[in-house]
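Contents: one structure, followed by commentary.
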Amino acid sequence: MSKHARAGSRASRPSRTPGASRPTRRFRAGGARRAGGAPRGSRGARGSRPLAFAAALGLLGFGVGWAYLAQDPPANAAALAASDARPPAEERAARAAERDPFQGLPEVSEQTRAKIPAAARQLILVTGKAKNSSESTAALYTRPATGADWLKSDSWPARNGAKGWSTERTYGDLTSPEGVFALTDAGGLLAKPPGTKFPYDQDASFVATGRGVNGESLLGSFDYVVAIDFNRKTGVSPLDPAKPDGEEKGGNIWLHVDHDGPSQGCVGIPKAAMKQVLETLDPAAKPVIVMGPRGF
């Protein structure tokens, strides 16, 4: 619309009568106030400002707290995470109930099991038929970690001292020492089997002389030997004669090749079993031999 048209329109408006109402102007004025921030609209804006300010403070406080936790977590955060990672209580109880009370060694007393070093993860168990018997069984055990049950991997017939077992062995009494002993050194007349991890002394002196207790040949008995750490220095050849606890207790007690008869104190197992033992035992697994009559 042109300026002239607007001017004409304004000129044609009727004159106002004094005291008459002005609804049209109030309507327009009211509309202008609301659109442009007149008193009625400004009261609503003033009422919303405290709410907006409070909300902003709340968001600021939440952000500060989150940043604090991210940079400096609670001291027990690791413990809380570990506890959250544990299996449910019911599952833990079921696992505990499944544990073997004998730890995989039912032939051994609780007192003897308590003597097995916690660090040991390989074990040879020699179980005699009776206190005064020279017949026994040898078995190889392993466990994956400290506190786990022992798992049998193999077993063989074995022979021990001609007069059985003793906790107070003396030289010449023809008994094998009863107890838990470390295994640390090996040797033999023959070269060490492939994979042997023990220190191994191959020496022509590993030859048994004379005859066995029952008159049997001792030929080949010392082709392979593992020294049993009874009254001996460790870290040396099984041939070393030193006896730290005195000559009266005897010594040179070995795990060696069986000669089809009882021994003077050693433990004999088949030749193939001796090779397997040397290929399997690892000094890092802290192997031990546990030996005595059943239930000792």
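With only Lys, Arg, Asp and Glu charged, each at its Cβ (+1 for the first two, -1 for the last two), find how big the charge dipole of the range 104-182 is about the Cα centre; round to the nearest 20 debye.
Working: 10 positive and 8 negative charges, 14 e Å.
Dipole of the range 104-182, to the nearest 20 debye: 60 debye.
Close amide-amide hydrogen proximity is noted between PHE222 and ALA208, each under 5 Å apart and 5 or more residues distant or on a separate chain (H modeled in the peptide plane; Pro and chain starts excluded). Which aspartates and glutamates have a Cα less than 14 Å from the Cα of LYS286, not counting those fewer than 8 places away in the same chain? Leaving aside aspartates and glutamates fewer than 8 places away in the same chain, those within reach of LYS286 are ASP185, ASP229.
Counting only aspartates and glutamates at least 8 places from LYS163 when in the same chain, those with an alpha carbon closer than 12 Å to its own are GLU135, ASP173. Assuming 0.36 nm per residue, please report the length gained on full extension of the stretch ASP282 to ALA119 beyond their Cα-Cα distance. Taking 0.36 nm per residue and subtracting the Cα distance, the gain is 57.4 nm. The label-point distance for THR209 and ASP100, in a model that sets each label 7 Å from Cα toward Cβ, rounds to 4.5 nm. Label point of LYS233 set 7 angstrom out along Cα-Cβ; within the range 249-281, amide nitrogens under 17 Å from it belong to 251-253.
Heavy-atom accessible area, probed at 1.4 angstrom with all protein chains present, ranks ARG159, ARG169 as ARG159, ARG169, highest first. Straight-line cross-link partners of LYS275 among the lysines, defined as a Cα under 17 Å from its Cα and at least 8 positions apart when in the same chain: LYS192, LYS197. The listed peptides 256-265, 215-224, ordered by packing as a protection proxy, come out as 256-265, 215-224 (highest mean of other Cβ atoms within 10 Å first). The heavy atoms of ILE116 offer some 20 square angstrom of accessible surface to a 1.4 angstrom probe.
Shown in residue order for the range 120-134 are the 3J(HN,Hα) couplings computed by the Karplus curve 6.51 cos²θ - 1.76 cosθ + 1.60 at θ = phi - 60°: 5, 10, 10, 8, 10, 9, 10, 10, x, 5, 7, 4, 10, 9, 9 Hz (x for Gly and Pro).
The values are calculated or read from the model by the stated rules, or taken from the named source; none is laboratory data. None of these values were measured; they are calculated from a predicted model. Note that we place each Cβ from the backbone using ideal geometry, even for glycine, and neighbour counts take in every protein chain shown. Heads up: the accessible areas ignore ligands, DNA and RNA and are worked out on the full protein's heavy atoms, side chains in. Shrake-Rupley method; radii C 1.70, N 1.55, O 1.52, S 1.80 Å.
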